[in-house]
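The values are calculated or read from the model by the stated rules, or taken from the named source; none is laboratory data. Only a predicted model underlies this, so the values are computations on that prediction, with no experimental measurement involved. Neighbour counts are summed over all protein chains in view; Cβ atoms, including those assigned to glycine, are modelled from backbone coordinates with ideal geometry.
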Amino acid sequence: PSDGWYSFCLDRMIQTLFSLERYKEADDLINNGLERWNDFADYHCLKGMLLDHFGFRENARREFEQCIQLADKAEKKQSRFWLISPDYGRLIPYKKLAEIHGCRQDLPQTVYYLSKVLQQKPKDTACLYQISELLAAHEDGPSVAGFFAKIYPTQNPLHAKLLFQIFTLIGHADLSDHYYNQCLRNNMEPEPADLLRYHLLTRNHAKYNKLLQRYPELKNNENLIEYFHIAAMVWQDESYLPAPMPEAQNNDETSFHLSLLIHLYQLKMFEQFDQILTQVSSPALIHQLADYFYAHHQSELAVDYYLYLFDRGELQANGLRNIGIFYVNRGQLAEGLHFLRGCLEMNPQDCALYGMILSITDDQQLKEQIKQQFTERFPAIKNLSFMQQA
């Protein structure tokens, strides 16, 4: 068949089979695509996505890197590197590699690939927040500002406003100041809600009050309720507290307390953080807080909370998973495998765990045991091409 329409049909079929969890058929079609178009990025990317789904992250990493290499090589020759979409050679591999290196706590590589994502897609605010958070935690303010000046020159008022919002959310006072001044130079006033947080971050009581006088409607904004609780704590003034809410369900209370604790941590209000956590502590809240810290590269702090719950028999499956990955990243493979296997017992439906364990262990007996559990739980994966070498 003609390459033009056939490659598109093949791609759509693979995506559909993947969503239907018919992985063997998807794998066969991907291999078909690789045989026909090995010099294009598309099917290498799809292979990487399949490998990543089942936890074979090292193999997936090689496929995604191959996508980028093929794209680089083709561009040097001024030729095309994709059949279906350029995203298969650039944006998707960059995102997946940032995710893989982030899971490995390899921060330089994570930042590198996130920066590549932003170069491709500057309006990806989730990526911008993630890279800003990493850079702010590990680099000085001028270095971070210099990095972003290349992607978001602040002569553009909207760039200054965006970066002010990002660093105010992250809780970096110096960079928030820097971009606030850039906004003023550009006659660009930030949003009132962002200014409210900024005045909390910089502990500017007078400007906080002046802003509320200027925008009294802010006190009716339910999305800002945590800010008023924080103001009441910091400035010891209960008049900042909003009107009492209707009787909340337990889940709502946990969500509110989690959000309040995260805001306090971001705003560097550690005394108030400890005070609230002591008052409202529960296993569910501590677990969600640990999940937040782990997702935001505060892995040692997260593991302290996870181990606290583990010692009390209250740790959930994803906590076991995250501790296991944490230990594997530190080279403590036996400890890591112990927690990953514990997670597998608790959540055997997590298909990526099997691939992770198979990729980590050299114990052939354990490999055979995990393979057997894997194929019993997911019979469709038994004849996948990469399972033969697992």
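Every residue in region 17-47 that is closer than 19 Å to Cys351 by Cα and either touching a residue at least 60 places away in the same chain (Cβ under 8 Å) or β-branched (Val, Ile, Thr) (or both), please. Working first, answer last.
As a first pass, look at region 17-47 and keep what is closer than 19 Å to Cys351 by Cα: 17-27, 46-47.
Result: Glu21, Arg22, Tyr23, Lys24, Asp27.
Name the residues in region 213-229 that are farther than 15 Å from Asp252 by Cα and either modelled with pLDDT of 95 or more or of a type outside the set (D, E, K, R) (or both), would you?
The initial filter retains those residues of region 213-229 that are farther than 15 Å from Asp252 by Cα, namely 213-221, 224, 227-229.
Residues satisfying the conditions are Gln213, Arg214, Tyr215, Pro216, Leu218, Asn220, Asn221, Leu224, Tyr227, Phe228, His229.
Please work out if Asp52 is surrounded by fewer than 15 Cβ atoms within 10 Å (Cβ to Cβ) and at pLDDT 95 or above. Full working, then the answer.
Working: surrounded by fewer than 15 Cβ atoms within 10 Å (Cβ to Cβ): no; at pLDDT 95 or above: yes.
No.
Within region 242-270, how many residues are outside any helix (DSSP H, G or I) and either in contact with a strand residue (DSSP E or B) (Cβ under 9 Å, 6 or more places away or on another chain) or at pLDDT 75 or above (or both)? Let's see the steps before the verdict.
Taking region 242-270 first, the residues outside any helix (DSSP H, G or I) are 242-249, 267-269.
Within this subset, residues satisfying the condition of being either in contact with a strand residue (DSSP E or B) (Cβ under 9 Å, 6 or more places away or on another chain) or at pLDDT 75 or above (or both) are 242, 267-269.
Here the count works out to 4.
In this structure, is Leu97 of a type outside the set (Val, Ile, Thr), part of a helix (DSSP H, G or I), in contact with a Phe, Trp or Tyr (Cβ under 6 Å, 6 or more places away or on another chain) and surrounded by 15 or more Cβ atoms within 10 Å (Cβ to Cβ)? Reasoning before the result, please.
On the way: of a type outside the set (Val, Ile, Thr): yes; part of a helix (DSSP H, G or I): yes; in contact with a Phe, Trp or Tyr (Cβ under 6 Å, 6 or more places away or on another chain): yes; surrounded by 15 or more Cβ atoms within 10 Å (Cβ to Cβ): yes.
Yes.
Quick check on this structure: which one of Glu345, Glu368 is under 24 Å from Asn59 (Cα atoms) and without any contact (Cβ under 8 Å) to a residue 12 or more places away in the chain?
Numbers: Glu345 fails: under 24 Å from Asn59 (Cα atoms).
Selected residue: Glu368, the only one of Glu345, Glu368 that is under 24 Å from Asn59 (Cα atoms) and without any contact (Cβ under 8 Å) to a residue 12 or more places away in the chain.
Please find, within region 55-94, the residue that is surrounded by the most Cβ atoms within 10 Å (Cβ to Cβ) out of those that are of a type in the set (A, V, I, L, M) and without any contact (Cβ under 8 Å) to a residue 40 or more places away in the chain.
The first filter runs over region 55-94 and keeps only residues of a type in the set (A, V, I, L, M), leaving 60, 68, 70-71, 74, 83-84, 91-92.
Filter once more, so that each one left must be without any contact (Cβ under 8 Å) to a residue 40 or more places away in the chain: 68, 70-71, 74, 91.
Working: Ile68: 20, Leu70: 22, Ala71: 20, Ala74: 17, Leu91: 18.
The residue in question is Leu70.
Checking Ala232 against (1) surrounded by 12 or more Cβ atoms within 10 Å (Cβ to Cβ); (2) touching a residue at least 12 places away in the same chain (Cβ under 8 Å): exactly one of these is not met. Which one?
(2)
Evaluate the following for Tyr265: is it hydroxyl-bearing (Ser, Thr, Tyr), under 20 Å from Phe167 (Cα atoms) and surrounded by fewer than 19 Cβ atoms within 10 Å (Cβ to Cβ)?
Numbers: hydroxyl-bearing (Ser, Thr, Tyr): yes; under 20 Å from Phe167 (Cα atoms): yes; surrounded by fewer than 19 Cβ atoms within 10 Å (Cβ to Cβ): no.
For Tyr265, the condition - hydroxyl-bearing (Ser, Thr, Tyr), under 20 Å from Phe167 (Cα atoms) and surrounded by fewer than 19 Cβ atoms within 10 Å (Cβ to Cβ) - is not met.
Consider region 146-167. How many of its residues are among the hydroxyl-bearing types (Ser, Thr, Tyr), under 18 Å from Cys127 (Cβ atoms) and surrounded by 21 or more Cβ atoms within 10 Å (Cβ to Cβ)?
As a first pass, look at region 146-167 and keep what is among the hydroxyl-bearing types (Ser, Thr, Tyr): 152, 154.
With under 18 Å from Cys127 (Cβ atoms) added as a condition, the list becomes 152.
Still in the list and also surrounded by 21 or more Cβ atoms within 10 Å (Cβ to Cβ): none.
Counting residues in region 146-167 that are among the hydroxyl-bearing types (Ser, Thr, Tyr), under 18 Å from Cys127 (Cβ atoms) and surrounded by 21 or more Cβ atoms within 10 Å (Cβ to Cβ) gives 0.
Among the numbered criteria (1) out of contact with any Lys or Arg (no Cβ under 6 Å at 6 or more places or on another chain); (2) under 20 Å from Asp52 (Cα atoms), which single criterion is violated by Tyr94?
Tyr94 satisfies every listed condition except (1).
If only one of Arg61, Arg80 is assigned to a helix (DSSP H, G or I), out of contact with any Asp or Glu (no Cβ under 6 Å at 6 or more places or on another chain) and of a type in the set (D, E, K, R), which one is it?
Values: Arg80 fails: assigned to a helix (DSSP H, G or I).
Result of the check over Arg61, Arg80: Arg61.
Quick one: would you say Ala284 is farther than 30 Å from Gln369 by Cα and touching a residue at least 24 places away in the same chain (Cβ under 8 Å)? Walk me through how you get there before you give the answer.
On the way: farther than 30 Å from Gln369 by Cα: yes; touching a residue at least 24 places away in the same chain (Cβ under 8 Å): yes.
It is true that Ala284 is farther than 30 Å from Gln369 by Cα and touching a residue at least 24 places away in the same chain (Cβ under 8 Å).
For region 179-241, list the helices (runs of 4 or more DSSP H) that sit wholly inside it and hold at least 2 residues that are over 33 Å from the mean Cα position of the chain (by Cα) and on the phi < 0 side of the Ramachandran plot; which are they? Write out each step before concluding.
On the way: elements: 192-201, 205-214, 225-234.
Hits in region 179-241: 205-214.
Whether any residue in region 107-129 is within 20 Å of the chain's Cα centre (by Cα) and over 25 Å from Phe64 (Cβ atoms) is what I want to check. Before the answer, list the steps.
Keep residues of region 107-129 that are within 20 Å of the chain's Cα centre (by Cα), which gives 107-129.
So of that shortlist, the ones also over 25 Å from Phe64 (Cβ atoms) come out as none.
Checked against the condition, which is being within 20 Å of the chain's Cα centre (by Cα) and over 25 Å from Phe64 (Cβ atoms), region 107-129 yields no hits at all.
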